[in-house]
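The values are calculated or read from the model by the stated rules, or taken from the named source; none is laboratory data. Source: prediction; values computed, not measured. Cβ sites come from the backbone with ideal geometry, for glycine too, and all protein chains shown count toward neighbours.
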Amino acid sequence: MDYNKFSNYFGLVAHYKFPKWLQNIINSWYVKHFKIDMSEFNPISSYDSLNALFTREFNNPRSLDDGFVSPCDGLCLECAKGNNLRAYSIKSKEYSIDELLGKSLKNGELDGEFDYINIYLSPKDYHHYHAPYDIEILSLEYTPGKLFSVAKSALIKHDNLYVQNERVTLKVKLDNGKLAWIVFVGALNVGKMKFDFEPRIKTNANLAPAFYEYNNLNLKKGEHIGNFELGSTIVIISQNGAINYNIKRDEVLKQGQSIAKLG
């Protein structure tokens, strides 16, 4: 199967605006099937396509906890220390940090131990992502790739799956002067990843690799960065001791929830 083409076709269907009565049935089925809590969003009938429902926004911004907060809703698949540029997508399945980060990683920046977290966004989750802390964005790298599923069932079967998939990597500087990388991994049925500050990026569009650097591009904690169309995965990798996590594997996370303190 050509997963990229399948995701493109799915995206076309998701963007299609069916007659309102039929769209309401489709939306209601989707919400019921995936057990979506709509209490923070507009009524189901207000969305004129599945994509509009996928990319729904809060009626009111969430309040932010103290410390370093989750950039999105999702499930923590792993939260641990890595070493020698190796980490785990889930237990026993490794991925290569230097391959994942590409040009965004320079020699010596992640020597020895480092910290990382993998957050999986399912089809039921809020699909937008926000700054987890006050950050300065140093660079963005777009890496084309496959669009394999990143659900647990797929991760169990494959080593290095995150490296094979399309992704966008933000290299950021934290308030404590240390570096972190926020990696947005594309997946099956993810038609696009969007970034408010970088309109040149159009994912799942057969683009060539791209690398952009920035000066004085700062985001405040909780500020909107962009969104997936459907679910995917966000990986955060940071220099040793830069972020001290206080959560564990298999915890359900909410955007704005405190998940760590800065070191």
Checklist line | Checking Arg167 against (1) within 14 Å of the chain's Cα centre (by Cα); (2) charged (D, E, K, R); (3) surrounded by fewer than 23 Cβ atoms within 10 Å (Cβ to Cβ), the condition it does not meet | finding: (3)
Next item on the list: Of the conditions (1) out of contact with any strand residue (DSSP E or B) (no Cβ under 9 Å at 6 or more places or on another chain); (2) more than 25 Å from Pro144 (Cβ to Cβ), Asp98 clears all except one; give me its number.
Entry: (2)
Check: In the range 76-93, what count of residues is obtained for those that are surrounded by fewer than 18 Cβ atoms within 10 Å (Cβ to Cβ) and at pLDDT 85 or above?
Finding: 5
Notebook entry, point to check: Within the range 31-56, can you find the residues that are of a type outside the set (D, E, K, R), touching a residue at least 60 places away in the same chain (Cβ under 8 Å) and surrounded by 16 or more Cβ atoms within 10 Å (Cβ to Cβ)?
Noted result: Ile36, Asn51, Phe54, Thr55
Notebook entry, point to check: Which of (1) of a type outside the set (Gly, Ala, Ser); (2) within 22 Å of Ile225 (Cα to Cα); (3) modelled with pLDDT under 90 does Val69 not meet, given it meets every other one?
Noted result: (3)
Note to self: I'd like to check which strands (runs of 3 or more DSSP E) are fully inside the range 85-194 and have at least 2 residues that are of a type in the set (Phe, Trp, Tyr) and either more than 19 Å from Tyr212 (Cα to Cα) or assigned by TED's automatic domain parsing to the domain that holds Asn216 (or both).
What the structure shows: 114-120, 179-185
